[in-house]
Amino acid sequence: MGVIEQSLSYLQPWEFSPTWALFCLVSAGLYIRGLVRCRHSGQRAGFWRPFSFLLGIAAIYTVSQTHFDYLAQYMFFVHRGQHLVLHHVAPFLIALSAPLPLLISGTPDRVKNFSGITMVAQALRPGYRLLQQPVIAALLFVGLIYFWLTPQVHFDAMLSQYLYQLMNWSMLLDGLLFWWLILASRPPAQGGLSYGFRITLLLAVVPPQMLLGAYLTFSNDIVFDVYAVCGRAWPLAPLTDQRLGGLITWIPATMMSVLAVLIILGRLLGQRSTTYRYG
């Protein structure tokens, strides 16, 4: 097998999952359809928002439906990279793109007018509002990381296909909920969360992630022995694998919060500049 063929083989699913593939395909399809309809009506969505959304979907597909997923099951640091994408990077990119108008526009009318959709939306609304309460959202965001990295829970999740999928889906959905709350384009004047509260939440979720990452990085004990049971994909020392995973849990996750704070500060300064100019 040539280099190109071998490289392309790594982009194929290791274990095909209809749910992950359908999520990525439907999300991208509806968005692109909405984008086309938007342009046909004479509106322009720009470049960066579509790029951000589609890059987020592509990132989800990469870590869930290519050989990356195989490596994530046999190397701890790759697993942490997978969860960094599912819980931080991809939801961040999707929320930043504010995709809801285009997704709604891209949804066929017969689907939007289907009575069952309204019933499901009404049934889910109370739970959604509860999960979007700022304190609950922050606790859940950090709590899920700690929960799935509890040694016994992690051991069971990595050896059970059902728990493994539940773990990954929970990280993605929670990431979408959290970053949607933080990066929502709706300003406080229109009912959105205040910029100060958003920054406070971002700063609040940083220390627990730093502490967990630092513990994994500097520990001299093997915390997760499941990778010794399964066998590692690469001949990497167990402590090195764990320390790399700790660094991924620690540094990139923290930088995501810093980046979000800068974005929110930019919005706040822009709003104040507009108010000063026209107020």
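Structure data summary
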quantity: Taking the chain and dividing mean pair separation by its residue count, relative contact order in percent (alpha carbons under 8 Å, at least six apart); calculated: 22
quantity: Shape parameters for the range 68-179, alpha-carbon atoms, Rg then Dmax in Å; calculated: 16.5, 47
quantity: Within-15-Å neighbourhood charge of residue 122 [Cβ basis; K, R +1; D, E -1]; calculated: +3
quantity: Helix-only [θ]222 nm of the chain, DSSP H runs n ≥ 4, -39500 (n - 2.57) each, per residue, nearest 500; calculated: -24500 deg cm²/dmol
quantity: Dipole magnitude of the chain about its Cα centre (Cβ charges: Lys, Arg +1; Asp, Glu -1), debye to nearest 20; calculated: 1520
quantity: Residue (of 30, 158, 245) at the positive-pole extreme of the range 10-278, dipole from beta-carbon charges; calculated: 30
quantity: log10 of Debye I(q)/I(0), alpha-carbon scatterers only, for the range 10-278 at 0.13, 0.16 Å⁻¹; calculated: -0.95, -1.34
quantity: The chain: most fluctuating residue of 97, 160, 52 per GNM, C-alpha cutoff 10 Å; calculated: 160
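Each value in this text was obtained by applying a stated rule to the coordinates, not by laboratory testing. Bear in mind the structure is a predicted one, so any value in this text is a computation, not a measurement. Please note: Cβ atoms are built from the backbone with ideal geometry, for glycine as well, and neighbour counts cover all protein chains shown.
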